Amino acid sequence: MRHSYIAGVGHYVPTRVVTNAELEPMMNTSDAWIQERTGIRERRWFEEGTDTTANMGANAARKAMEMAGVAPNDVQMIVFATLSPDYFFPGSGVLMQRELGITNNCPALDVRNQCSGFIYALSVADQFIRTGMYDTVLVVGSEIHSSGLDKSPEGRTVSVIFGDGAGAVLLRPSTQEGQGILSTHLYSQGEHAEELIVKEPGSNRADRLQYVLDHPQDLYPYMNGQTVFKNAVVRFPQVIKEALDQNGMEAADIDMLIPHQANLRITQFVQQKMGLSDDKVYSNIQRYGNTTAASVPIALSEAVQEGKIKRGDLVCMAAFGSGFTWASALLKF
Ligand code: ACO
């Protein structure tokens with residue numbers, strides 16, 4: 001049966017490195033607290049005027065296209081995952097299309113599924129290839145969090161976690177038996193919608209501007225950290241196991257697990273639960289923080305670049321986040 005494989009990967013992170021030490025005076029936090037609770041040592045923050053959600057996505061996409069040997073006008077569809085779009089509308093997908101010089105009027109679809117956004121986007125793209133509608137689909141995750149964080153001590157629990165960056169993959173139909181995306185698994189549970197949320201600017205205010213002026217805190221992310229943690233450590237193993245079971249495989253078959261880089265403690269919990277050794281779980285949250293929809297493709301791209309993932313390896317990606325939403329993808333790279 002026709003399905004897709006990852007023909008190219010790429011990532012881009014802003015050049016500005018922000019260490020925990022830099023956050024200490026700003027947020028009344030400490031390097032020790034951040035490292036102990038999250039594993040994060042530093043993250044990237046965008047440069048205003050240089051980096052945008054769309055052009056960071058384009059920078060990552062160019063590398064993926066180059067690896068796949070695909071020219072801009074060969075792209076037949078864009079799926080762009082972000083929770084931090086350039087504009088309220090239109091979506092960042094069309095802006096990236098313009099940035100890449102894609103002039104063939106291919107469809108650009110934005111996906112708003114937060115930390116699970118990239119795997120949702122990958123699944124959408126895979127379906128279009130499976131049905132035969134398209135052959136060349138660009139899937140991107142890109143985020144600028146740093147402009148939307150409360151950098152005062154009140155915001156410290158959340159603001160130390162998130163960073164900026166972008167990752168991309170180029171999907172093509174698989175030509176080899178057993179190569180490519182084997183299955184994807186998507187879930188949502190709306191009853192937890194308010195546990196991890198940026199409320200404003202929302203559409204349900206009669207006077208949006210006045211509301212935001214009166215409630216500026218609602219422009220920043222709110223997170224019930226302990227509830228997120230408790231749900232994440234259940235859903236990650238569940239959705240990974242489902243992918244393995246569906247394909248008649250077990251944890252020992254995984255060559256590399258790419259978990260969404262939410263928090264190193266969540267990753268360590270999942271690793272232990274799945275019985276995977278350190279060399280089979282990729283982590284770069286230490287250097288980039290949590291980049292939500294960008295975290296999985298950045299990690300994948302780095303792992304490929306470092307030779308930790310090779311053609312034919314069994315790769316499992318999994319994510320959990322705001323919504324709550326969670327997802328996995330199992331593939332032979
Ligand atoms: N620096 C220093 N102290 C802090 C900070 C900070 N940045 N943030 C909170 N504290 C203090 C609090 O004020 C509190 O102090 P007190 O005991 O004197 O009252 C203490 O640390 C503990 O605060 P908690 O909020 O209870 O901290 P907790 O141990 O729950 O850790 C954390 C918070 C790290 C967010 C944790 O709940 C967690 O890991 N949650 C998972 C959420 C997560 O990983 N989200 C990632 C994004 S979502 C996703 O991608 C899935």
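The values are calculated or read from the model by the stated rules, or taken from the named source; none is laboratory data. Model, not experiment: these values are computed from the prediction. Methodologically, a virtual Cβ is constructed for each residue, glycine included, from the backbone with ideal geometry; neighbour enumeration extends over all protein chains shown.
Listing for the model above:
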read-out: From L122, L100, residue being closer than 25 Å to E47 by Cβ and either surrounded by fewer than 24 Cβ atoms within 10 Å (Cβ to Cβ) or away from the ligand (no atom under 16 Å from the Cβ) (or both); value: L100
read-out: Filter result for I309 (touching a helix residue (DSSP H, G or I) at 6+ places or on another chain (Cβ under 8 Å), part of a helix (DSSP H, G or I) and more than 14 Å from the ligand (Cβ to nearest atom)); value: no
read-out: Residues within segment 282-306 that are of a type in the set (A, V, I, L, M, F, W, C) and within 16 Å of the ligand (Cβ to nearest atom), tallied; value: 6
read-out: Flag if M223 is more than 16 Å from the ligand (Cβ to nearest atom) and of a type in the set (A, V, I, L, M); value: no
read-out: Residue satisfying all of: in segment 160-187; among the small types (G, A, S) and modelled with pLDDT of 95 or more; nearest to P72 (Cα to Cα) among these; value: A168
read-out: Flag for P216 being surrounded by fewer than 14 Cβ atoms within 10 Å (Cβ to Cβ), in contact (Cβ under 8 Å) with a residue 60 or more places away in the chain and more than 19 Å from the chain's Cα centre (by Cα); value: no
read-out: Meets criteria (surrounded by fewer than 24 Cβ atoms within 10 Å (Cβ to Cβ) and at positive phi) for G289; value: no
read-out: Members of segment 147-166 found to be crowded, with 23+ Cβ neighbours inside 10 Å and either more than 15 Å from the ligand (Cβ to nearest atom) or in the same structural domain as Y288 (by TED's automatic domain parsing) (or both), listed by number; value: A166
read-out: Residues that are β-branched (V, I, T) and on the phi > 0 side of the Ramachandran plot, drawn from segment 63-85; value: none
read-out: Criterion (surrounded by fewer than 23 Cβ atoms within 10 Å (Cβ to Cβ), within 16 Å of the ligand (Cβ to nearest atom) and not β-branched (V, I, T)) met by exactly one of R112, R130, R172, R205; value: R112
read-out: H11 vs. criteria at pLDDT below 95 and either touching a helix residue (DSSP H, G or I) at 6+ places or on another chain (Cβ under 7 Å) or within 30 Å of L182 (Cα to Cα) (or both); value: no
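Listed here are the residues, each with its yes/no results for (1) buried (at least 22 other Cβ atoms within 10 Å of the Cβ); (2) more than 19 Å from G117 (Cα to Cα).
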| site | (1), (2) |
| --- | --- |
| H145 | yes, no |
| S188 | no, no |
| E191 | no, no |
| E194 | no, no |
| V212 | no, yes |
| Y222 | no, no |
| A243 | yes, no |
